[in-house]
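For reference, the structure discussed in these notes is given below.
What follows draws every value from the coordinates through simple rules; no lab data is involved. These numbers come from a predicted model, not from an experiment. With ideal geometry, Cβ positions are generated from the backbone for all residues, glycine too; neighbour counts draw on all protein chains shown.
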Amino acid sequence: MGETMACLYNGCMSAKTHAPTVHAPPTRTRRSAPAARPPREAARPPQVLKHLRIVSLALNLPGPAALMRLHAMGARCTKIEPPAGDPMARYSPQAYADLHEGVKVQTLDLKTEPGCTALDKLLATTDVLLTSFRPSALQRLGLDASALAQRLPALCSVRIVGDAGERAELPGHDLTYLAEQGLITGTDLPATLYADMAGSQQAVEAVLQCALHRAATPAQAPAHGLHLTVGLAQAAAYLALPRRWALTAPRAVIGGAHAGYQVYACRDGRVAIAALEPHFGACLCKAVGLPVEAGEITRALTQPAARQHIANFMAGLSRTEVEKLARLYDLPLHVLGD
């Protein structure tokens, strides 16, 4: 099936050759969400971890973000904070509230013997311990893998560190790990905390590995906890893989070479278009009046002239008109303000 026929099959254009106006009645009910509005919350995940007990000593963002996801899957989560509390509560009370919804928060001073004793008592009935201390701090607290294996052999642990390799003791944060991977542009700060959030997801994966490990251990067999490390530097490196593969290089298809994968200016804002697949590309060409022969969609949209044509077309439309165009042609796009 040619690219134009594929586009017809997907219902993005009619068999007529004349271009309909932007103001034609919409044929789809999909609407672009306002830029500032978060996506609608998905249905509650299955409570597959309802029998898993997790204790977290991790502060700031990666650990609590992991705990938030794990709680959403049903895990029984307890967070231990020092007497001074979690700095996130001061940085952003709203973020702290969201991260700890449904999580039991308890204060213990682990610099004192009573605090350490209380933690050990809690860990005796815990399945997974989540931490974000440097290895040397874990050793001082007796919470490193070897100490836990001797004292609490059934306990699993997931350690979030800056770097999972030889640089685990070096200080760093989300910004430095992104910079190391070439993910910082100029002097602008990133739009979000990519390494922290990617690290939190990898910590969730590690906890799931621990749960599977426990489930696979026969009931009569001696329990041996699994001890895993998640490095934020490695999380940033994972996010940088498309860059390493040159997928986002300046002349790559999704690095700027494809006219259907761009951000264009419109009359009262901007529009992000992601018409990357040939059938979406064909719909885009039809919508903007760019003549393209069947089977030549991708080649045509990687020509500089196509980008200029689309830029000129979008510059004459308002955001409302762009959204109508998206509904009419089933285009994957999103409008943004100035």
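General remarks:
- Length released on extending from residue 149 to residue 84, taking residue separation times 0.36 nm less the Cα-Cα span: 20.4 nm
- Of the GluC sites (Glu not before Pro) found in segment 157-249, the ones in coil according to DSSP and having at most 16 other Cβ atoms within 10 Å of their Cβ are 166, 169.
- Value at 222 nm in deg cm²/dmol, rounded to 500, when DSSP H runs of n ≥ 4 in the chain each add -39,500 (n - 2.57): -11500 deg cm²/dmol
- Pairs of lysine residues in the chain - Cα separation under 30 Å, sequence separation of 8 or more or cross-chain: 11
- Between residue 112 and residue 246, the contour length at 0.36 nm per residue exceeds the alpha carbon distance by 43.1 nm.
- The long axis of helix 304-315 is offset from the longest Cα principal axis of the chain by roughly 90 degrees.
- Entry for Cα extents along the principal axes in Å (calculated from the structure that is shown) out of (1) 79, 43, 35; (2) 61, 49, 48; (3) 58, 48, 42: (1)
- Look at the Cα gyration tensor of segment 261-336: its axes a ≥ b ≥ c give a/c of at least 1.5 with a/b over b/c, and that counts as prolate.
- Proximity of backbone amide H atoms, modeled 1.01 Å from N, is registered between residue 336 and 270, 271, 272 at under 5 Å, excluding neighbours fewer than 5 places apart on the same chain.
- Prolate/oblate/rounded label for segment 133-225 (Cα gyration tensor, a/c 1.5): oblate
- For segment 53-245: rounded, prolate or oblate by the Cα gyration tensor [a/c cutoff 1.5]: prolate
- Rounded to whole numbers, the Karplus 3J(HN,Hα) couplings from phi for segment 64-69 are x, 5, 5, 4, 4, 5 Hz, using 6.51 cos²θ - 1.76 cosθ + 1.60 with θ = phi - 60°, and x at Gly and Pro.
- Between helix 113-123 and the chain: long-axis angle, C-alpha atoms, 0 to 90°, nearest 10: 60
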